[in-house]
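None of the figures in this text is laboratory data; all of them are computed from the coordinates on show. What you see is a predicted model; the values in this text were computed from it and never measured. No Cβ is skipped: glycine too gets one built from the backbone with ideal geometry, and neighbour counts run over all protein chains shown.
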Amino acid sequence: MSDQAELIRAAKRLSHRELLTSLEEKTAPDHAALVVVDVQNDFCAPGGMMDNEGLDLAAVQAMAARLPSLIDAARVAGVLVVFIRNVYSTEGNLYLSDSWLEQAARRRGGSYTQRDICAEGSWEGDFYGNVRPRPGEPVVTKHRFSAFHNTDLETILKSHAIRTVVMTGVASNVCVETTAREAFVRDYYVVFLSDGTATYADEDHQATLRVIDRSFGEVTSVAAVERIWRGGEQEGDRGPASREPARSA
């Protein structure tokens, strides 16, 4: 069995451009973007979609509370911050297909079919708490789980010469995972934050972390990335311990 250093050397010989092998290299401010997915009231707040479906909001609210400090660190370091939001329900139904509505009718207990979800200009579709863009920061509007699907996200990333997406937000096993998978197959490095993403059942969150780690990107913590962006990565931020998610996430 080859050791890791030998495998990296082999990868470098094959690559047509500089290989980014460390977390610090991947999250360097000149080519990393912090992608904040769907931190909206419908997914995080009491009275929103997930609350109305009877799901436990504790993990997503704990995750959202960690993000403002990380977002601030990104801004100070000069990292591109991209906010993603959903718009689903509209007058006359511009976006919800028959397959989407059938799935909702079977599994969502009135969401999309009897209750509007993330309608434009609504409280439900607004950003949650203090996780919100500043004037001039890009906000990508999507109508499906992937933030790349029929949006201008890739145009924004390419225009800023982005090589790495640092994934945060909700739900880790749905929109965040779908976007991360598509980022990887579009040849971006993916850094997936175990405690900067969340969903409504821990077993679903853990499954996503395993899938991402195995096939789509590097799993690490909010603290590890924030320390890099604040100029002080510390020994022990990486490695097996940092890859384990916070249990509340």
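Here are the numbers:
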read-out: Of residues in region 60-73 being farther than 24 Å from L157 by Cβ and not small (G, A, S), the one surrounded by the fewest Cβ atoms within 10 Å (Cβ to Cβ); value: Q61
read-out: Residues of region 142-173 satisfying the condition of being within 14 Å of the chain's Cα centre (by Cα) and hydroxyl-bearing (S, T, Y); value: S146, T164, T168, S172
read-out: Which numbered condition T155 fails, given (1) of a type in the set (S, T, N, Q); (2) touching a residue at least 12 places away in the same chain (Cβ under 8 Å); (3) under 28 Å from L19 (Cβ atoms); value: (2)
read-out: Residue identified as under 15 Å from the mean Cα position of the chain (by Cα) and either surrounded by 12 or more Cβ atoms within 10 Å (Cβ to Cβ) or of a type in the set (V, I, T) (or both) among V87, V81, V76; value: V81
read-out: Residues of region 149-180 classified as buried (at least 19 other Cβ atoms within 10 Å of the Cβ) and out of contact with any His (no Cβ under 7 Å at 6 or more places or on another chain), total; value: 14
read-out: Criterion (in contact with a Phe, Trp or Tyr (Cβ under 7 Å, 6 or more places away or on another chain) and not in a helix (DSSP H, G or I)) met by exactly one of L94, L20; value: L20
read-out: Where a residue in region 101-116 is in contact (Cβ under 8 Å) with a residue 40 or more places away in the chain and its partner, wherever it lies, is of a type outside the set (A, V, I, L, M) and surrounded by fewer than 18 Cβ atoms within 10 Å (Cβ to Cβ), with Cβ under 6 Å and at least six apart; value: G109/E53
